[in-house]
Structures are given as structure tokens and as C-alpha cells.
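Below is one structure, written out as C-alpha cells; comments come after it.
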Amino acid sequence: MQELEKIHRVLLREAGSERVENVLVLDAMLGQNSVMQAKTFNNIIPISSIILTKYDNTSKGGVILSIARELKIPVKYLGLGENPDDLKNFSSEEFAASLLEVN
């Protein structure tokens, strides 16, 4: 973690804070462990946004809701498969609508 913090300091110095975005990629299958990982990283460097991979929408929210509630860090993309084309923009509106769907 000290090395990550050092890299972040160098990036800020060389590129400037307006050009540095810290994106954390998490495995959505880890559930609450993903939230703990995000908290740990966010304590070291400020996380700008999150990409969740291996997202299975059958969990009806799961880690996305925890990240939004506890960390207030935006989720930008969801990984829905193994190919680059399976990385989709995350829409909070679509996500909320899917949670409220009646089957």
C-alpha cells in the first residue's frame, strides 16, 4: 500500500490532480469483501470510480448498493462477461428500475 501511495503522489506531481483519476476494479462476486477492499484502497488514495467485474444481476443489488451507501463512490462500468465488449456503462436509473421490476 505504501508503494501505491508513492505512485499516486508521483502521478499528482507529474500530471496534476485534474488529470489523475483513480479507478478501482473489483470482483463483484466477493460481496462485502469488495466493500472492505474499496474502503482500504480509498483510505490510501482517493478512489474516483469503480468498475465491478463478474457482475451477476440476480443478486438484486448486492455490492453496488453497499458501495453507494457506505462509500459514495460512483460505479462507472459493470463487467458482464469475459470479453472486452462485455464491459457496459453503469446506469443508476436502469439499475434502480430493474430493482423495482415486478416479475
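The values are calculated or read from the model by the stated rules, or taken from the named source; none is laboratory data. As the structure is a prediction and not an experimental result, all values here were calculated from the model. Positions of Cβ are backbone-derived with ideal geometry, glycine not excepted, and every protein chain shown enters the neighbour counts. When the accessible area is computed, the model is the full protein with side chains, heavy atoms only, and any ligands, DNA or RNA have been set aside. Shrake-Rupley method; radii C 1.70, N 1.55, O 1.52, S 1.80 Å.
Of all residues in segment 41-60, none are of a type outside the set (Phe, Trp, Tyr), open to solvent by less than 60 Å² (accessible area, probe 1.4 Å) and on the phi > 0 side of the Ramachandran plot.
Considering segment 1-35, and only residues there that are of a type in the set (S, T, N, Q) and within 22 Å of Glu70 (Cβ to Cβ), the residue that is surrounded by the most Cβ atoms within 10 Å (Cβ to Cβ) turns out to be Ser34. With the condition kept exactly as written, say whether any residue in segment 51-68 is in a loop (DSSP other than H, G, I, E, B) and aliphatic (A, V, I, L, M). No. One residue alone among Val63, Val10 is farther than 16 Å from Ser91 by Cα and among the aliphatic types (A, V, I, L, M), and that residue is Val10. When Ala38 is tested against (1) surrounded by fewer than 17 Cβ atoms within 10 Å (Cβ to Cβ); (2) modelled with pLDDT of 85 or more, only condition (1) is not met.
Only a single criterion out of (1) surrounded by 15 or more Cβ atoms within 10 Å (Cβ to Cβ); (2) in contact (Cβ under 8 Å) with a residue 24 or more places away in the chain; (3) in a helix (DSSP H, G or I) is not satisfied by Leu78, namely (3).
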